[in-house]
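Comments concern the structure below.
The values are calculated or read from the model by the stated rules, or taken from the named source; none is laboratory data. No experiment lies behind these values; they were computed from the predicted model shown. Here the Cβ is made from the backbone with ideal geometry for all residues, glycine too, and neighbour counts use every protein chain on show. For the accessible areas, the whole protein counts, side chains as well, though only heavy atoms, and no ligand, DNA or RNA atoms are used. Shrake-Rupley method; radii C 1.70, N 1.55, O 1.52, S 1.80 Å.
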Amino acid sequence: MKNFDVIVVGGGASGMMASLGARKTGAKVVLVERNPRVGRKILATGNGRCNLTNVNTSMENFHGEDPEFTIPALALFDVGQTIGYFEKLGIAPKVEDGGKVFPMSDQASSVLDVLRFEMGQVGVELVTDALVVEVSPKAGGFQVKLEDGRLIQGSRVV
């Protein structure tokens with residue numbers, strides 16, 4: 001059984017970003033994905049171009065019972081920081097009508113490639129072809145059980 005500081009379940013865009021963010025803090029991170037490869041759905045976003053963000057993002061663009069829930073998140077990682085983050089990874093952005101931001105390449109695969117490369121560079125461990133069947137609290141954290149019987153322990157689960 002392996003032990004980690006952070007176990008991220010799901011290798012989509014959010015899981016990849018969560019694993020990179022946790023690793024940036026110095027945590028020992030594993031990302032568990034049920035598919036053979038992470039980020040499959042990224043390839044379909046933005047009609048295959050991967051809409052990274054929108055320059056018009058603000059609380060006023062969110063609707064629902066409590067749009068103010070967005071304020072802390074937008075303050076911690078705003079549009080400029082999002083664009084800057086992807087630029088540091090090597091993605092040149094372009095802004096289109098309506099404020100949509102896409103990679104200059106117009107290829108979602110370029111976004112996926114840089115995210116996968118970055119995870120490898122910083123040491124995020126990947127476990128693919130691994131279906132999580134149970135997450136249970138254990139002393140000092142959590143235990144994640146995979147369909148094949150493997151167990152992963154961690155202080156936190158995302």
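Brief remarks on what is shown
- Accessible surface of the range 53-158, 1.4 Å probe, proportion on carbon and sulfur as whole %: 53
- When the Cα convex hull of the range 115-158 is projected onto planes of every orientation, the mean area is 3.7 nm².
- The lysines within cross-link reach of Lys88, meaning a Cα-to-Cα straight distance under 30 Å and a gap of 8 or more places when in the same chain, are Lys24, Lys28, Lys41, Lys100.
- The largest-to-smallest principal axis extents of the Cα set in the chain are 49, 35, 26 Å.
- Phe142/Arg34 FRET efficiency (R0 22 Å; Cβ-Cβ; nearest 0.05): 0.75
- Crossing angle, helix 13-24 versus the chain [Cα axis fit, 0-90 degrees, rounded to tens]: 70
- Between Asn3 and Val95, the simple label model (points 7 Å from Cα in the Cβ direction) yields a spacing of 4.9 nm.
- Helix 79-88 axis, angle to the chain major axis (alpha carbon atoms, nearest 10°): 70
- Ranked by the mean number of other Cβ atoms within 10 Å of their residues, highest first, the peptides 148-157, 112-121, 71-80 come out as 112-121, 148-157, 71-80.
- Rounded tilt (10° steps) of 108-122 against the dominant C-alpha axis of the chain: 50
- Over the range 1-93, the ratio between the Cα radius of gyration and 2.2 N^0.38 Å evaluates to 1.24.
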